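Colleague: This structure is in structure tokens; I'll ask about it shortly.
The values are calculated or read from the model by the stated rules, or taken from the named source; none is laboratory data. Everything numeric here is computed off the predicted structure, so don't read it as measured data. Cβ coordinates were reconstructed from backbone atoms using ideal geometry, including for glycine residues, and neighbour counts include every protein chain displayed. Each accessible area value is taken on the protein alone, full model and side chains, heavy atoms only, with ligands, DNA and RNA left out. Shrake-Rupley method; radii C 1.70, N 1.55, O 1.52, S 1.80 Å.
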Amino acid sequence: MGTVIKRGGRKQAFSPGKIRKAVEKTAREAGLSASRVRELSKEVAEPIIALYKNKRVKSVVLRRSILGRLSRRAKSVAAAWIRYEKKKRR
């Protein structure tokens, strides 16, 4: 199993479920239908999981990969992700 290196240097086991859940939750927040949420999860989360599941990856690289795929497939979902991050930082 892979490892995610957080911003502070802490290491965490790679969790495919977290990626799926984050993409699906953001897609629902953006107002996508249930079928489109599942489809987007397959289009975005699954390739990211396949790419990084057995590697060491920095969390910022993982975030950039997810946002890049989201912005190419569903700009409204990418925008919802960014809004959430801004809100969370406050």
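Colleague: Regarding region 61-81, can at least one residue be identified that is touching a strand residue (DSSP E or B) at 6+ places or on another chain (Cβ under 8 Å) and without any contact (Cβ under 8 Å) to a residue 60 or more places away in the chain?
Modeller: There is at least one residue in region 61-81 that is touching a strand residue (DSSP E or B) at 6+ places or on another chain (Cβ under 8 Å) and without any contact (Cβ under 8 Å) to a residue 60 or more places away in the chain.
Colleague: Confirm whether G9 is on the phi > 0 side of the Ramachandran plot, open to solvent by less than 50 Å² (accessible area, probe 1.4 Å) and part of a loop (DSSP other than H, G, I, E, B).
Modeller: Spelling it out, G9 is indeed on the phi > 0 side of the Ramachandran plot, open to solvent by less than 50 Å² (accessible area, probe 1.4 Å) and part of a loop (DSSP other than H, G, I, E, B).
Colleague: Please go through region 12-32 and pick out each residue that is of a type in the set (D, E) and either open to solvent by less than 70 Å² (accessible area, probe 1.4 Å) or more than 16 Å from A74 (Cα to Cα) (or both).
Modeller: E24
Colleague: Still on this structure, I have one more. Answer with yes or no whether S41 is small (G, A, S), at pLDDT below 95, in a helix (DSSP H, G or I) and open to solvent by less than 40 Å² (accessible area, probe 1.4 Å).
Modeller: The answer is yes for S41.
Colleague: Same structure, new question: Restricting to region 62-77, name every residue that is within 21 Å of G17 (Cβ to Cβ), in contact with a helix residue (DSSP H, G or I) (Cβ under 7 Å, 6 or more places away or on another chain) and assigned to a helix (DSSP H, G or I).
Modeller: L62, S65, I66, L67, R69, L70, R73, V77
Colleague: Looking only at region 7-32, count how many residues are more than 13 Å from the chain's Cα centre (by Cα) and within 17 Å of R64 (Cβ to Cβ).
Modeller: Final tally of qualifying residues: 1.
Conditions tested, residue by residue: (1) surrounded by fewer than 19 Cβ atoms within 10 Å (Cβ to Cβ); (2) within 13 Å of the chain's Cα centre (by Cα); (3) under 19 Å from K6 (Cβ atoms); (4) modelled with pLDDT of 95 or more.
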{"position": "A34", "(1), (2), (3), (4)": "yes, no, no, yes"}
{"position": "Y52", "(1), (2), (3), (4)": "no, yes, yes, yes"}
{"position": "V60", "(1), (2), (3), (4)": "yes, yes, yes, yes"}
{"position": "S65", "(1), (2), (3), (4)": "yes, yes, yes, yes"}
{"position": "A78", "(1), (2), (3), (4)": "no, yes, no, yes"}
{"position": "Y84", "(1), (2), (3), (4)": "yes, yes, yes, no"}
{"position": "K87", "(1), (2), (3), (4)": "yes, no, no, no"}
